[in-house]
Amino acid sequence: MRDIDYMTITDAVVSAYADTPNERLREILGALIPRLHDLIRDIELTPAEWRMTMDFLLQAAKASSDQRNDFILLSDLLGVSAVVDLVDGRDDDGATSATLLGPFYVPGQPDMTSGADLIKDNPGERLVVQGQVLSANGSPLPHAVLEIWQNAPNGLYTAQDPDQPEDNLRCTLRADAEGKYSFATVKPQSYKVREDGAGGKLVKASSWHSWRPAHIHFIISADGHKRHVTQIFDAADPYVDKDAVFGVRADLVKPFDQAPTDADKANFPDVQSPFNVVNVDWVLAPTNG
Ligand SMILES: [Fe+2]
């Protein structure tokens, strides 16, 4: 191992990790080490730039806690989280797109049934979201479970905002026997991802930006199907084609401004008019498909 130079270093390091007992970890390290070394050789990273990189990662670590993970934010801003989702879903033929979980999912949301009204004291435009959960073969998925969360008209999720009730604009909904679901809410808002840490430094240094288009988060679960983590996006949002974290997919962009039918008005008699409707069907991939 003394005969190490600019190129042979890579073989030496790969050999050192070649006996990693865990098969998957061995595969990952065997692929990662040569790519990492090639990257440094290709861009001719200087010692000063390497120290800056280490300082930058240290800042991300210092800003992180149980409630906040700046490494996830960096992964999102660099498109890495999106690539992981796209790889995971690449063979899910016929399924609706999955996309980022985001940092504001908090398990243990209140259970509600289809037709739930989440509006309560929230101001803002009223919105009814409705549709059906289906399998990739077109058959409905009875009693599918939909976990739903979004931000309030002030742009904040309840997990970020001590002034909101703990369960504001979040719920776990059970679809009916035909897989149909609906709920009333208020229009979500576009918002900026956190700019006060490493993520903010990255976007400022690169002239990228921090805005996410308005969206509602979903996790949909049904027996025999992949747990589906996704979002719907407001087609009219100015950031829908420049999401800071690359989470938008064409089939997840929906018009949030459709007028309700008479049936919609009858289904939601307690929702103050005027309100808009967005129709969203979800197609889940079978786990054995
Ligand atoms: Fe979000």
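Here are the numbers:
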{"quantity": "Any hit, segment 151-160, residues being more than 14 Å from the ligand (Cβ to nearest atom), in the same structural domain as Pro213 (by TED's automatic domain parsing) and in contact with a helix residue (DSSP H, G or I) (Cβ under 7 Å, 6 or more places away or on another chain)", "calculated": "no"}
{"quantity": "Among residues of segment 72-107, those that are within 21 Å of Lys242 (Cα to Cα) and either within 16 Å of the ligand (Cβ to nearest atom) or in contact with a helix residue (DSSP H, G or I) (Cβ under 9 Å, 6 or more places away or on another chain) (or both), counted", "calculated": "21"}
{"quantity": "Some residue of segment 55-64 being in contact with a Phe, Trp or Tyr (Cβ under 9 Å, 6 or more places away or on another chain), assigned by TED's automatic domain parsing to the domain that holds Asp234 and away from the ligand (no atom under 16 Å from the Cβ)", "calculated": "no"}
{"quantity": "Unique match (being surrounded by 11 or more Cβ atoms within 10 Å (Cβ to Cβ), in contact with a helix residue (DSSP H, G or I) (Cβ under 7 Å, 6 or more places away or on another chain), in contact (Cβ under 8 Å) with a residue 12 or more places away in the chain and not polar (S, T, N, Q)) among Pro34, Pro110", "calculated": "Pro34"}
{"quantity": "Subset of segment 190-209 that is within 16 Å of the ligand (Cβ to nearest atom) and outside any helix (DSSP H, G or I) - its residue that is farthest from Ile72 (Cα to Cα)", "calculated": "Ser190"}
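Table: residues versus (1) farther than 24 Å from Gly138 by Cα; (2) at pLDDT 95 or above; (3) in the same structural domain as Asn154 (by TED's automatic domain parsing); (4) in contact with a strand residue (DSSP E or B) (Cβ under 7 Å, 6 or more places away or on another chain).
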{"site": "His209", "(1), (2), (3), (4)": "yes, yes, yes, no"}
{"site": "His215", "(1), (2), (3), (4)": "yes, yes, yes, yes"}
{"site": "Tyr239", "(1), (2), (3), (4)": "yes, yes, yes, yes"}
{"site": "Asp257", "(1), (2), (3), (4)": "yes, no, yes, yes"}
{"site": "Val271", "(1), (2), (3), (4)": "yes, no, yes, yes"}
{"site": "Gly289", "(1), (2), (3), (4)": "no, no, no, no"}
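The values are calculated or read from the model by the stated rules, or taken from the named source; none is laboratory data. Keep in mind the model is a prediction, meaning the values are calculated, not measured. Note that each Cβ is placed from the backbone with ideal geometry, even for glycine, and that neighbours are counted across all protein chains shown.
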